[in-house]
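K.L.:
Mind looking over this structure? Questions follow.
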Amino acid sequence: MTGAVRTEPGVEPASSLLRAVGLPYFVVAFVARLPYAMMIVGVLTIVSSARESISAGGFSSAAVGLGTACCGALLGAAADRFGQRRVLTTAAIAHATLMVAFALIVYSDAHMVWVIAAAAGIGATAPQVAPMSRARLVGVIERRIRPDRRSRTVSSTMSYESAADETVFVFGPFVVGILAAGLAPWAPLIAAAALTVVFVIAFALHPTGRTTGEGHGADGRPASAVRELFAIRIVVVVVGMLGVGACFGASLTALTAFMTDLGSGESAGVMYGIMGIGSAALALAVSVMPAWFAPRWRLVVFAAVMAAGGMLVWNADDLAAMAVAFGLVGLGVGPVLVTIYSFGAAHAPAGRSATVMTMIGSGLIVGQSIGAAVAGEVSERAGTSPALGLPLAASMIVLAAAAVNAALNRR
């Protein structure tokens, strides 16, 4: 965390974040991020079914990622300027409306241009609950937690938040599959719209959503200049998260091709879940790692674990080997996610915390879209084996970013 911090006037310091915000906050924040994890797969499912074209579904999903790339950080900047409550409430209403409208457009005779435009709108209005929760909790820690417990609390919070993200990103596609198979292809998007209206707005209106001074940092200083968002220390962690997202997207798509070759394409999600389980477990473990294991080296080490797992994915030739490979990738991903967000929190300029967190979060979604699109093209044109090498390539991007980050944070 940057700059001096002070305890919120008139409020007794809390010994833990749970006491400071209350258990209901974590429940609401967890469910509120589920629609975000459902939207890409939900769009792919409904378009592929209604338009009878996987290619159209893929383009629509990519449009969701493009919308997030263009507007995700802008929502964060707006939250820093006007407060999370106003921005999240507006985004939630717009997002839910667009998901319902999208379902109607897809089943109509509308040209694909309108389908893709509506998909981009879904991505552009997606409430950035996860990064805003991180920004919100870091602010609470700066104002409410005793100074001697702040550093450890930030680490524990980033661990929990990353584990929560991993859980919903594994559970989200599973919910989409259940609803689409049990009800109809449009059901996941309608369910996501309902969850958005109820839980995202509840998250927005939670007492922690109050700002201490719009356009100011947690310590009351005026917000930093926009140019500070492009400092190399911030850019490098965004690039690292882009690589993580690309690894996610490429892994799921290449794994689907691999499982299809074995005659079990529908089981790809189960195998992919192995990575999510390991990732969530190690993300939670970061908070108890020894103090001498500095964050900059933690990022390098676990990025290398990701790359080692990617190498095994590339060379796996049966289910057992692939399960081990994805398990190893997951063991690297969890700590990498935690550490990237921790560096984002540490280097966020005054009054720009939500912006930085949404930049990092958008990098994950954009990378996921790019990875999925590239892996799909490679598997279709060159075969499954080259596609299985893409998670390794994405992991090398993460490792390179981690190495640069370590050099930038020698002190």
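The values are calculated or read from the model by the stated rules, or taken from the named source; none is laboratory data. Just so it is clear, the model here is predicted, and its values are computed rather than measured. Methodologically, a virtual Cβ is constructed for each residue, glycine included, from the backbone with ideal geometry; neighbour enumeration extends over all protein chains shown. Heads up: the accessible areas ignore ligands, DNA and RNA and are worked out on the full protein's heavy atoms, side chains in. Shrake-Rupley method; radii C 1.70, N 1.55, O 1.52, S 1.80 Å.
K.L.:
Using R₀ = 41 Å, calculate the FRET efficiency as 1/(1 + (r/R₀)^6) where r is the Cβ-Cβ separation of T90 and V288; round to 0.05.
P.N.:
Efficiency computed from Cβ-Cβ geometry: 0.55.
K.L.:
Could you tell me whether segment 321-380 comes out rounded, prolate or oblate from its Cα gyration tensor? Rule is a ≥ b ≥ c as square roots of the eigenvalues, rounded for a/c under 1.5, then prolate if a/b exceeds b/c, otherwise oblate.
P.N.:
Values: a/c = 5.61, a/b = 1.63, b/c = 3.44.
Because a/c hits 1.5 or more and a/b fails to exceed b/c, segment 321-380 counts as oblate.
K.L.:
Against the longest principal axis of the chain, how steep is helix 390-408, in degrees 0 to 90 to the nearest 10, with axes from Cα atoms?
P.N.:
Its long axis makes an angle of about 20 degrees.
K.L.:
Nearest 500 deg cm²/dmol is fine: what mean residue ellipticity at 222 nm does the chain get from its DSSP H runs of n ≥ 4 alone, each adding -39,500 (n - 2.57), divided by its residue count?
P.N.:
Helices in the chain give a 222 nm mean residue ellipticity of -26000 deg cm²/dmol.
K.L.:
Contour minus end-to-end for S151 and E377, with contour as 0.36 nm per residue of separation and end-to-end as the Cα-Cα distance?
P.N.:
76.9 nm
K.L.:
Report, to the nearest 10°, how far helix 268-285 tilts away from the longest principal axis of the Cα atoms in the chain, using its own Cα long axis and a range of 0 to 90°.
P.N.:
Roughly 20 degrees between the two axes.
K.L.:
So what is Rg over Rh here for segment 278-334, counting just Cα atoms and using Kirkwood for Rh?
P.N.:
The Rg/Rh ratio comes out at 1.06.
K.L.:
Still on this structure, please answer the following. Going by average Cβ neighbours within 10 Å, how do the peptides 394-402, 198-206, 129-137 rank, with the highest at the top?
P.N.:
Highest mean packing first, the order is 129-137, 394-402, 198-206.
K.L.:
Could you work out how far apart the two model spin labels at A400 and L183 are, taking each label as a point 7 Å from the Cα in the direction of the beta carbon, and quote it in nm?
P.N.:
Each label point lies 7 Å from its Cα, and together they span 4.4 nm.
K.L.:
Another question about this same structure. Top to bottom by accessible area (1.4 Å), largest first, where do E380, E142 land? Mind dumping the intermediate values first?
P.N.:
On the way: E380 155, E142 25 Å².
So the residues, ranked largest to smallest area, are E380, E142.
K.L.:
Right, next: Can you tell me the 0 to 90 degree angle between the C-alpha axis of helix 23-32 and the longest principal axis of the chain, rounded to 10?
P.N.:
Tilt relative to the chain: about 30 degrees.
K.L.:
Here is a further query. Could you list the residues of segment 283-300 with an amide nitrogen less than 16 Å from a label point located 7 Å from the Cα of L18 in the Cα-to-C-beta direction?
P.N.:
Within reach of a label on L18: 284-285, 287-288.
K.L.:
Within the accessible area of segment 278-346, what % is carbon and sulfur when the probe is 1.4 Å and the other protein chains stay in place?
P.N.:
Accessible surface attributable to carbon and sulfur in segment 278-346 totals 78 percent.
K.L.:
Mind jotting down the distance between the C-alpha centroids of segment 152-200 and segment 51-73, whole Å?
P.N.:
Spelled out, the Cα-based centre of one part sits 18 Å from the other.
K.L.:
Taking a ≥ b ≥ c as the square roots of the eigenvalues of the Cα gyration tensor of segment 298-411, is the shape rounded (a/c under 1.5), prolate (a/b larger than b/c) or oblate? Walk me through the numbers on the way to the answer.
P.N.:
Numbers: a/c = 2.61, a/b = 1.72, b/c = 1.52.
Cα axes put segment 298-411 in the prolate bin.
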